[in-house]
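**Student:** What follows is a structure written as structure tokens; I'll ask about it next.
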Amino acid sequence: MQKEIQQQLDRLKARGVTYVDARYYPFEEANNLVMWNGNLKAAVSTHESGIGVRVLHKGAWGFSASSDLGDLGAIFDKAFDNARVAAERVTFPVRLAEKDAVEARFESPCETDPFEVPLADKIGFLKAMDGKLDRPGVAQRVVALTFVRKQIEFSDSEGSRIEKRITEVFPTLTVNGVDAGGGMHERKFLPGRTGDTRGWESIDPQLFAENAERIVRELNEVLVADECPKDDRAVILLPDIMYLQTHETIGHALELDRILGYELAFAGGSFVTLDDFGSLRYGSEKLTARADGTVVNSPGSFGFDDDGVPAQDNLLIDHGLLVGAITGRQMVEEANARARKQIFKGSSGANRASAFYRVPIERMTNINIDPGSDGTLDDIIAKTEKGIVLDGDRSWSIGSNREQFHFGTEIGWLVEEGKKTKVVKNSTYKGDTVKFWNSLSAVGDRSTWKVHFVANCGKGQPNQIMFLGHGVPVCRFDNVRIGE
Ligand SMILES: [Zn+2]
């Protein structure tokens, strides 16, 4: 197949196209198992394969994809035809940032391929976890496992040949309960990856058993708790809500296509402008954020993006100062041209497509916050006079330019004079993005840092659901409005 693809790349190059690439997926498989209140509610398997071809011609992209590889030439011709038609309507001619041609292979670390694990073992895991969650106070319990396995062969007219094999495992536990007033509450467990791999072995039954007991206990505490007060307090965010804060108000806000206005019709824009790079105080001195596509055990690491650019570890915010964005080859050229100066030096390796039949767009890799020097969670609580510890994403609402946010969490613990006092329910907090990040007053050390994965990030038209990660520590923000 690679030989035939190469012939097509050469053929279109000879016909004068600026650039052409192909992503051939010999296979992409997914397997989703859901146990709901002890019953196997879903056992779904999908399999797809095919090729996606992009052609850049006279400043315009053309794309074509098919799972029928019987006439490869026709797929390439269709992409070329689409580019020729689009070239008649170009408003901003596409240019691609330089990259090195590479011949490489990437394999996500995996000891036990989850697709080789017998179904009976997977159901056994679901049942065992369901048993742990089947306790008083729990009205609904859901144990879910999703597995993904894919092979991608990338090649382009600049001489790159990249083979990727990626395996992902996404397990979750969820419990729901109803309080005396009829209010519904939820508590979830998504494991932070502690090992170095991403296969079946990354599911540690002992860790899941412990956390199953914990979320049931915490749900029951929430069910009898008082309402979260309306107040201004320090908020201490644990990683399972800190990841969402980072995702929505740093990650999405710093996607370069969004900054240039390309997502306006779907998921909104960004308050960030090209003038802000190098000058905007995004957060306090304690905030250092990075897009790190090299974290070994995260779904935000994939070796090479769909422009064929290697994964990188790039600073986005350096001690509070905005310095970088999430970029692919195309947008950095357009941003530099529009700004009439070189803001970005090449692609950051973050252009990705969710399937062979979608075009790559700027996506988060692992948008991480560096651990800090303010000690453990207990140390931070001990130094907080009046605050609230928050955990678990329950609801989220974000301004269309990511300039404000309002998040509901699954649980809150009030903190008075350095001590956790009581659990509260319906805990929420809100803020203005830049003001909020500038109120960051404590960042936990490595012991508080957790890689939280996201399996449902949506972007693009048609919508592309993407996997990524967030490595985040416990963080404290001062003077935040809670409870409304
Ligand atoms: Zn998202």
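Each value in this text was obtained by applying a stated rule to the coordinates, not by laboratory testing. Here the structure is a predicted model, which is why all the values come from computation and not from measurement. Here the Cβ positions follow ideal geometry from the backbone for every residue, glycine too, while neighbour counts run over all protein chains shown.
**Student:** Which value results for Rg/Rh of the stretch 265-314 when Rg is the Cα radius of gyration and Rh the Kirkwood radius based on the inverse mean 1/r?
**Tutor:** For the stretch 265-314, the value is 1.06.
**Student:** Now, a different point. In whole Hz, what ³J(HN,Hα) sequence does the stretch 221-226 give by Karplus (6.51, -1.76, 1.60; θ = phi - 60°), x for Gly and Pro?
**Tutor:** 5, 5, 4, 10, 7, 6
**Student:** Just need the Rg to Rh number for the stretch 1-94, please, alpha carbons only, Kirkwood Rh.
**Tutor:** For the stretch 1-94, the value is 1.22.
**Student:** Excluding same-chain residues fewer than 8 positions from LYS188, which lysines have a Cα within less than 22 Å of its Cα?
**Tutor:** Straight-distance partners of LYS188: LYS41, LYS122, LYS127, LYS132, LYS420, LYS422, LYS425, LYS430, LYS450.
**Student:** When the Kirkwood radius is taken over all Cα pairs of the stretch 340-484, what Stokes-Einstein diffusion coefficient follows at 37 °C and 0.692 mPa s, in µm²/s?
**Tutor:** 188 µm²/s
**Student:** Check cross-link reach from LYS459 to the aspartates and glutamates: straight Cα distance under 13 Å, and skip same-chain residues fewer than eight apart.
**Tutor:** Leaving aside aspartates and glutamates fewer than 8 places away in the same chain, those within reach of LYS459 are GLU248, GLU255, ASP257, GLU263, GLU362.
**Student:** Let me ask something else. Counting only other residues whose beta carbon sits under 12 Å from that of THR46, what net charge do I get with K and R as +1, D and E as -1?
**Tutor:** -1
**Student:** Okay, next question. Report the far tail of the P(r) of the stretch 81-199, meaning the percent of Cα-Cα pairs longer than 26 Å.
**Tutor:** Of the Cα pairs, 53 percent sit more than 26 Å apart.
**Student:** Here is a further query. Step through the residues of the stretch 36-52 one at a time and calculate ³J(HN,Hα) from phi using the Karplus curve (6.51 cos²θ - 1.76 cosθ + 1.60, θ = phi - 60°), rounding each to whole Hz and writing x for Gly and Pro.
**Tutor:** Calculated HN-Hα couplings, in order: 10, 6, x, 10, 6, 8, 9, 9, 10, 10, 10, 9, 9, 8, x, 9, x Hz.
**Student:** While we're here: With a sphere of radius 10 Å drawn around the Cβ of ASP77, what net charge do the other residues whose Cβ falls strictly inside it have (Lys, Arg +1; Asp, Glu -1)?
**Tutor:** Overall, the nearby charge balance is +1.
**Student:** While we're on this one: Considering just Cα atoms, how many Å³ per residue does the convex hull of the chain enclose?
**Tutor:** Residue-normalised Cα hull volume stands at 139 Å³.
**Student:** Using the Karplus curve 6.51 cos²θ - 1.76 cosθ + 1.60 with θ = phi - 60°, what ³J(HN,Hα) values do you get for each residue of the stretch 101-118, in whole Hz, with x for Gly and Pro?
**Tutor:** 6, 10, 10, 8, 9, 10, 10, 5, x, 8, 8, 10, 5, x, 7, 9, 7, x
**Student:** Ok, one more. What is the Cα convex hull volume of the stretch 101-161 when expressed per residue in Å³?
**Tutor:** On the way: hull volume 8.0 nm³, N = 61.
That works out to 131 Å³ per residue.
**Student:** Less than 24 Å apart at the alpha-carbon level, and either on another chain or at least 8 residues along: which lysines does that give for LYS3?
**Tutor:** LYS13, LYS78, LYS99, LYS150, LYS164
**Student:** A follow-up question, please. Mind ranking 142-150, 41-49 by how tightly packed they are, going by the mean number of other C-beta atoms within 10 angstrom, highest first? Numbers along the way, then the final one.
**Tutor:** Numbers: 142-150: 21.1, 41-49: 11.9.
With the highest mean Cβ count within 10 Å placed first, the list reads 142-150, 41-49.
**Student:** What does the net charge come to around GLU186 if you take all other residues with beta carbon closer than 9 Å to its beta carbon, with K and R at +1 and D and E at -1?
**Tutor:** +2
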